[in-house]
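Following: one structure in structure tokens, then a few remarks.
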Amino acid sequence: MTVRNVVFDLDGTLIDSSDGVVEAVNYSLRKMGEAEQRPEVIKAFIGYPLSQMYPQFTRAPVRELYRHFQQKAAETVVSSTDILPGVELTLHRLKATGFQLAIASTKIRRHIDGIVEKFCWHDLISAYSGGDEVEKVKPDPEILLLTLRRMGAMPAETIVVGDTVNDVLAARAVPMKVVGINSPYGGREKVIDAGPDYFIDSIEELVELLDNLKKEAV
């Protein structure tokens with residue numbers, strides 16, 4: 001089948017909200033009397049659930065850390081977010097050539113709302129889902145299945161684009177085709193080792209890749 005729909009991860013794929021995330025994580029650690037972490041340590045976990053990150057450097061209760069994180073993140077995440085290079089042009093090109101675009105992210109819905117509003121993506125993004133809207137986040141496929149329902153799309157006609165191992169595993173579990181993309185936060189080799197169907201080093205390569213897939217399907 002021809003690929004008609006693209007579901008993007010958000011952090012590290014379309015946007016960089018790392019400054020706000022780092023600030024919120026260290027705020028939560030301070031509130032619990034824990035030592036702050038270096039930005040590069042925190043950034044390596046961006047795109048993964050906070051429940052996977054916190055146990056790597058603290059034994060403080062994750063639920064309390066999460067509560068403090070969200071208090072600060074409400075101030076910092078959307079305001080600090082920037083679009084990654086090449087993303088805006090790529091989204092417009094894909095939309096102009098008939099692709100339906102969506103987002104499936106571990107970020108909470110409220111933050112995705114703010115990001116879509118900030119960058120005026122309402123006309124580009126047909127649907128999106130946040131990590132607080134599902135019981136299990138990536139690598140579980142639940143958020144991708146929810147996004148497919150909201151798009152009215154079939155898995156066989158949809159491709160996932162993401163920068164983490166969890167994006168690859170979640171897509172595989174549907175199953176859906178998946179494009180791994182080089183992340184500004186690192187982890188390139190891990191993503192490649194996870195076995196995506198395709199791998200690109202920059203978002204600009206996606207237009208040519210999807211165009212080639214469309215030609216192969218004819």
Report task. Check cross-link reach from K215 to the lysines: straight Cα distance under 28 Å, and skip same-chain residues fewer than eight apart. Result -> K95, K177
**Report entry** Cross-link partners of K72 among aspartates and glutamates (Cα-Cα below 20 Å; sequence separation of 8 or more within a chain)
**Finding:** D11, D16, D19, E23, E34, E36, E40, E64, D82, D113, E117, D132
Query raised in the report: Relative to the longest principal Cα axis of the chain, at what angle does helix 62-80 sit, 0 to 90 degrees, rounded to 10?
Result: 60
Query raised in the report: Mind checking the angle between helix 205-217 and the chain's longest principal axis? C-alpha axes, 0 to 90 degrees, to the nearest 10.
Result: 40
**Report entry** Rounded tilt (10° steps) of 109-118 against the dominant C-alpha axis of the chain
**Finding:** 70
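Only the coordinates and a few stated rules stand behind these numbers; no lab work does. On a predicted model such as this, the values are computed, not experimentally measured, just so you know.
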